[in-house]
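Asks: For reference, the structure I am asking about is given below.
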Amino acid sequence: GIITDRDITLRVIAAGLDPLNTRVEQVMTRHVFSCREDDTIEDAAREMRKHDVGRLVVTRGMMVTGIVNMTCLLRAHIGQHNNG
């Protein structure tokens, strides 16, 4: 799974849970979608749209190497158009 600021905001704070006594496993997002390091920006955006998510775990083989979100993709897309 993965835990994000959104999980903490919605599943802990808004739910009135005590952050000091709430375990990650109680509030994490269990079903995680991913992309590969060598996927294109469009591939990653397509995967986000397909699953209606705002973040993807980035992998190389079986290893997690990062997290990409829609803001990252937009910056990269804008950067490509400004440099090309």
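Asks: Counting only other residues whose beta carbon sits under 13 Å from that of His31, what net charge do I get with K and R as +1, D and E as -1?
Replies: Charge balance in the 13 Å sphere: 0.
Asks: Which whole-number value in Å² is the accessible area per residue of the chain, probe 1.4 Å?
Replies: On a per-residue basis, 75 Å².
Asks: What are the GluC sites (Glu not before Pro) within segment 1-72 that DSSP puts in a loop, where the Cβ has at most 14 other Cβ atoms within 10 Å?
Replies: Passing sites in segment 1-72 are Glu37.
Asks: Please provide three numbers in whole Å: the alpha-carbon extents of segment 1-53 along the principal axes, with the largest listed first.
Replies: The principal-axis extents, from largest down, are 40, 17, 14 Å.
Asks: Now, a different point. Identify which of Val57, Val68, Val12 has the largest mean-square fluctuation in a Gaussian network model of the chain, with springs joining Cα atoms closer than 10 Å.
Replies: Result for the chain, Cα springs under 10 Å: Val12 fluctuates most.
Asks: Here's a follow-up. In the chain, which longest range has no trypsin sites (Lys or Arg not before Pro) that are both DSSP loop (not H, G, I, E or B) and surrounded by at most 14 other Cβ atoms within 10 Å?
Replies: 31-84
The values are calculated or read from the model by the stated rules, or taken from the named source; none is laboratory data. As the structure is a prediction and not an experimental result, all values here were calculated from the model. Reconstructed Cβ throughout: ideal geometry from the backbone, glycine too, with neighbour counts over all protein chains shown. Areas reflect the complete protein model, heavy atoms only, side chains present, ligands, DNA and RNA absent. Shrake-Rupley method; radii C 1.70, N 1.55, O 1.52, S 1.80 Å.
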